[in-house]
Amino acid sequence: HQLSFPSGVCVDDARTVYITEWNNHRVVAWKFGSKSGQIVAGGNGSGNQMNQLTYPTDIIIDKNKTHLIICDHGNKRVVRWPLNGDGVGEIVIPNIACNGLAMDNQGFLYVSDIAQSCVIRWNKNIDESSRTIVAGGNGKGSNLNQLNDPYYVFVDRNNSIYISDNKNHRIVKWDANAKQGVIVACGQGQGKLSTQLSDPLGVIVDQCGAIYVADAGNSRIMRWCKNDKQGSIIIGEDQQDKPLRRPNGLSFDRYDSLYVVEEFNHKVQRFDIVSK
């Protein structure tokens with residue numbers, strides 16, 4: 001019934017919450033209304049065997065809804081694990097400094113690679129011949145064709161890619177086949193003004209195009225609606241008694257409730273978000 005430094009989160013249609021635990025080297029599933037979770041991947045200590053994970057950071061469910069896809073960060077690999085928790089994992093992408101995962105409507109897989117400062121796309125068969133850099137890949141930096149520690153990634157219905165460009169303290173959007181990104185949140189340097197972020201982590205976009213960001217360094221969740229010149233704090237400023245502590249991964253469920261990972265508070269919270 002406990003978590004230890006959770007990082008990534010995803011939610012299925014039954015509102016079961018899947019959480020990567022950095023410090024416990026495992027993935028746990030919490031069914032809706034449950035008081036405790038169940039280990040569905042890892043949980044056998046840190047290691048690189050196929051029944052182990054090491055410092056997992058992110059997780060998604062594949063389009064067939066049969067497997068979990070996990071960023072096994074400490075082992076520099078992406079693994080696939082049966083959704084029902086039976087069996088062990090298999091390596092689908094080796095030798096990658098992965099941190100964040102996303103999947104588009106065609107089942108193409110997107111992975112952020114910190115070492116190469118880029119986001120890479122694979123087709124649904126995840127074969128090496130389909131490997132394509134779709135954002136960054138021009139060295140570490142702050143130019144619009146560069147990224148600096150891309151952490152989490154989200155892909156919308158138009159295959160536009162939203163990336164938390166962590167060390168540049170901004171969110172950038174790369175349209176399909178673009179040669180450079182566009183800053184869609186912040187870009188005014190590190191800080192706590194409404195036009196600034198500090199070490200952003202999770203990023204997600206709702207059905208109306210509003211961008212939600214886990215502003216980890218400022219312990220808040222920010223939102224940018226379309227055409228907004230500055231963000232608004234939607235979670236964090238009114239929680240003085242129980243403040244957020246390093247918000248990390250973000251996910252929506254089918255009812256548009258927002259799930260927020262609190263890494264340093266070792267919990268995941270669900271919020272019903274009021275539209276602007």
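What are the pairs, 6+ residues apart or on separate chains, where a residue within region 247-271 that is in contact (Cβ under 8 Å) with a residue 40 or more places away in the chain and more than 21 Å from Asp199 (Cβ to Cβ) has its Cβ under 8 Å from a residue that is among the acidic types (Asp, Glu) and open to solvent by 20 Å² or more (accessible area, probe 1.4 Å)?
Phe252/Asp206; Arg254/Asp13; Asp256/Asp206
Any residue at all in region 93-105 that's at pLDDT 95 or above, open to solvent by 10 Å² or more (accessible area, probe 1.4 Å) and either of a type in the set (Asp, Glu) or outside any strand (DSSP E or B) (or both)?
Yes, region 93-105 contains a residue that is at pLDDT 95 or above, open to solvent by 10 Å² or more (accessible area, probe 1.4 Å) and either of a type in the set (Asp, Glu) or outside any strand (DSSP E or B) (or both).
How do the pairs read when you match residues in region 77-88 that are more than 16 Å from Asn64 (Cβ to Cβ) and open to solvent by 10 Å² or more (accessible area, probe 1.4 Å) with residues anywhere that are hydrophobic (A, V, I, L, M, F, W, C) and part of a loop (DSSP other than H, G, I, E, B), using Cβ under 6 Å and keeping only pairs 6 or more apart or on different chains?
These pairs meet every condition: Val88/Met50.
From the residues in region 21-46 that are touching a residue at least 24 places away in the same chain (Cβ under 8 Å), open to solvent by less than 60 Å² (accessible area, probe 1.4 Å) and in a loop (DSSP other than H, G, I, E, B), which one is farthest from Phe154 (Cα to Cα)?
Among them, the one singled out is Ser36.
Which one of Leu68, Leu53 is modelled with pLDDT of 95 or more, within 23 Å of Arg254 (Cα to Cα) and open to solvent by less than 10 Å² (accessible area, probe 1.4 Å)? Walk me through how you get there before you give the answer.
Working: Leu53 fails: within 23 Å of Arg254 (Cα to Cα).
None of the other options fit; the residue is Leu68.
Working only within region 54-92, note down all residues that are in a strand (DSSP E or B), within 19 Å of Asn24 (Cα to Cα) and either in contact with a helix residue (DSSP H, G or I) (Cβ under 7 Å, 6 or more places away or on another chain) or among the β-branched types (Val, Ile, Thr) (or both).
Ile59, Ile60, Ile69, Ile70, Val78, Val79
Kindly establish whether Ser164 is part of a strand (DSSP E or B), among the polar types (S, T, N, Q) and modelled with pLDDT of 95 or more.
Spelling it out, Ser164 is indeed part of a strand (DSSP E or B), among the polar types (S, T, N, Q) and modelled with pLDDT of 95 or more.
Determine whether region 140-157 contains at least one residue that is more than 21 Å from Asn99 (Cβ to Cβ), outside any loop (DSSP other than H, G, I, E, B) and touching a residue at least 12 places away in the same chain (Cβ under 8 Å).
No, region 140-157 contains no residue that is more than 21 Å from Asn99 (Cβ to Cβ), outside any loop (DSSP other than H, G, I, E, B) and touching a residue at least 12 places away in the same chain (Cβ under 8 Å).
Count, please, the residues in region 113-129 that happen to be at pLDDT below 95, of a type outside the set (Lys, Arg) and surrounded by 14 or more Cβ atoms within 10 Å (Cβ to Cβ).
Residues that pass the stated criteria total 2.
The values are calculated or read from the model by the stated rules, or taken from the named source; none is laboratory data. Remember, it's a predicted structure, so these values are computed and weren't measured experimentally. When we count neighbours, we look across all protein chains shown, and the Cβ atoms used for this are built from the backbone with ideal geometry, even at glycine. Areas reflect the complete protein model, heavy atoms only, side chains present, ligands, DNA and RNA absent. Shrake-Rupley method; radii C 1.70, N 1.55, O 1.52, S 1.80 Å.
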